[in-house]
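Asker: This is the structure I have questions about; it appears just below.
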Amino acid sequence: MVFGSTNWHMVQTKYLVVGKGHIGLATAAYLSNQEHTVYLFSRRSSIVAQTRTIHSIGLVSPGSYLVAACSNNIYELAALNGGKLPLNVVICCRGQDIEPYARILAEYVNPQMNVLVFCASRFAGRVFCKVLQRLGIAKELLPAVADVNNIPFVSRGNMEDQIRISTLTNKFFVAAQNRIMTNRIVSAYQAVFSNLCAAASVLEINLNKVNDIIHLPLLLVSLARWESGEDYNLYHNFGSRTVGLIDHLDSDRIAVGEALGVLNLIDIKSHYQIAYGTTGSSLYEHIQQVGAYSNTTLCNPHHRYLVEDLPYGCFPLQVLARLAGVETPFLDSCITIGNKFLDIPLEWNAEFLELNRHQLSQEL
């Protein structure tokens, strides 16, 4: 078995990676490749718990890497670290998982922790903090909790023990509860994620998330195939009219951000250019240059492109639109149509998120 090369000059740091989907596996392998001690927590049983080995077969960080421990028992992981969790915690999850993860970690959080949330959903970091506060943790005792607008790499995996990290994104942006905490997060993580950059605010980060903007229109135009359970790639064989739907949805997002006075809005073409280095005059050209899309297939009626991106992405964006007094006709239509297929409650409303217009103006 071949393991990553050792560099004894690197300062080893302990990390807890929460979530064992392909992003969690990629993060654990990426950190382990840099000779850091990695604890991996998954709510489900895992083959990694038996072997403690993650196999990385992509262009980035190829090799086989040991994690210090992998368990679905958070108490077991804490016991291996002197009854505490590592101060650096990377949560890799879907929007629907952030609340249960907050409850699982609540017993161990402390103000010195630096929590980085890799989640496509809007306001995942805010929800994490709100759950902790509702469990009795005072605001001043919260850890630094940072949202990101994108993840640091493009990855695919079997969610057991194998991961493919095909490329690093050029840049991804991060913001925590305030400027001091944002700087602390950057200081804690920039040594391992050199493509990490600070953003001005959490609101800027969450308005610049675009996974839902890309995924939902593509899925809505192929719902018959999705509903039948067909295994297909929704990025194949789409044309300019379909891309136009993405542009329409993105225009609604930009209008919301402008109404709220967010200065550093990134339109969707700029997102591709900044994150992946794509070029071209049209959005269609940019999308075609993202090689990872060639392997993106849907065969699951509970795929995250709908069950995460609609209730935890587009719906919170609509909440912001209502607070800003902005009309978003295309966004509203996507939510109405998509929710007919989901038929689940849209829970992240303004009351749940504890958002109001006055509060948003203070967070800019």
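The values are calculated or read from the model by the stated rules, or taken from the named source; none is laboratory data. Source: prediction; values computed, not measured. Note that each Cβ is placed from the backbone with ideal geometry, even for glycine, and that neighbours are counted across all protein chains shown. Surface accessibility is based on the protein's heavy atoms, side chains included, excluding ligands, DNA and RNA. Shrake-Rupley method; radii C 1.70, N 1.55, O 1.52, S 1.80 Å.
Asker: Under a 10 Å cutoff between Cα atoms, tell me which one of ASN170, ASN150, ASN237 has the largest fluctuation in the Gaussian network model of the chain.
Answerer: ASN237
Asker: Another question, then. When only C-alpha pairs under 8 Å and at least 6 residues apart count, what is the relative contact order of the stretch 1-129, in percent? Mind dumping the intermediate values first?
Answerer: Details: 225 pairs, mean separation 32.0, N = 129.
Normalised by residue count, the contact order of the stretch 1-129 is 25 percent.
Asker: Another question about this same structure. Using the per-residue mean of other Cβ atoms lying within 10 Å as a proxy for protection, in what order, highest first, do the peptides 274-286, 208-220, 37-49 fall?
Answerer: 208-220, 37-49, 274-286
Asker: Follow-up question, since we're still on this one. When ranked by the protection proxy of mean other Cβ atoms within 10 Å per residue, highest first, what sequence do the peptides 182-192, 313-323 form?
Answerer: Going by the mean number of other Cβ atoms within 10 Å, highest first, we get 313-323, 182-192.
Asker: Express the accessible area of the stretch 265-311 per residue in Å², computed with a 1.4 Å probe while the remaining protein chains stay in the model.
Answerer: Working: 2030 Å² over 47 residues.
Heavy-atom SASA per residue in the stretch 265-311 reads 43 Å².
Asker: Here is a further query. At q = 0.12, 0.15, 0.21 Å⁻¹, work out log10 I(q)/I(0) for the stretch 14-111 with the Debye formula, treating every Cα as an identical point scatterer and leaving solvent out; two decimals please.
Answerer: Result of the Debye calculation: -0.34, -0.53, -1.05.
Asker: Give the shape of the stretch 303-364 as rounded, prolate or oblate, defined through the alpha-carbon gyration tensor: a ≥ b ≥ c are the square roots of its eigenvalues, a/c under 1.5 means rounded, and otherwise the shape is prolate if a/b is larger than b/c and oblate if not.
Answerer: Working: a/c = 2.52, a/b = 1.73, b/c = 1.45.
It comes out prolate by the Cα gyration axes.
Asker: Of the accessible area of the chain, with the probe set at 1.4 angstrom, what percent is carbon plus sulfur? Present the calculation step by step, with values, prior to reporting the outcome.
Answerer: Numbers: 7850 of 15560 Å².
Exposed carbon and sulfur together represent 50 percent of the surface.
Asker: Holding the Cα-Cα limit at 27 Å, pick out from LYS130/LYS209; LYS209/LYS340; LYS20/LYS84; LYS14/LYS171; LYS20/LYS139; LYS139/LYS340 the pairs that are longer than that.
Answerer: Over 27 Å apart, Cα to Cα: LYS20/LYS139; LYS139/LYS340.
Asker: Give me the angle, in degrees from 0 to 90, between the Cα long axis of helix 124-134 and the longest principal axis of the Cα atoms of the chain, rounded to the nearest 10.
Answerer: Taking the Cα atoms of the chain, the angle to 124-134 is about 70 degrees.
Asker: Would you mind pulling out the separation of the Cα centroids of the stretch 29-103 and the stretch 132-177, in Å?
Answerer: 13 Å
Asker: On a C-alpha basis, how far is the centre of the stretch 238-303 from the centre of the stretch 108-124 in Å? Whole number, if you could?
Answerer: Using only Cα atoms, the two centres lie 25 Å from each other.
Asker: Can you tell me how much longer the chain between ASN178 and ALA350 gets when fully stretched, taken as 0.36 nm per residue apart minus their C-alpha distance, in nm with one decimal?
Answerer: Numbers: separation 172, 0.36 × 172 = 61.92 nm, distance 2.04 nm.
Length gained, ASN178 through ALA350: 59.9 nm.
Asker: How far apart, in nm, are two points set 7 Å out from the Cα along the Cα-to-Cβ line at GLN288 and at ARG357?
Answerer: Result for the modelled spin labels: 4.4 nm.
Asker: Another question about this same structure. Going by amide H atoms built from the backbone, whose H comes under 5 Å of the H on GLN162, apart from near neighbours?
Answerer: HIS55
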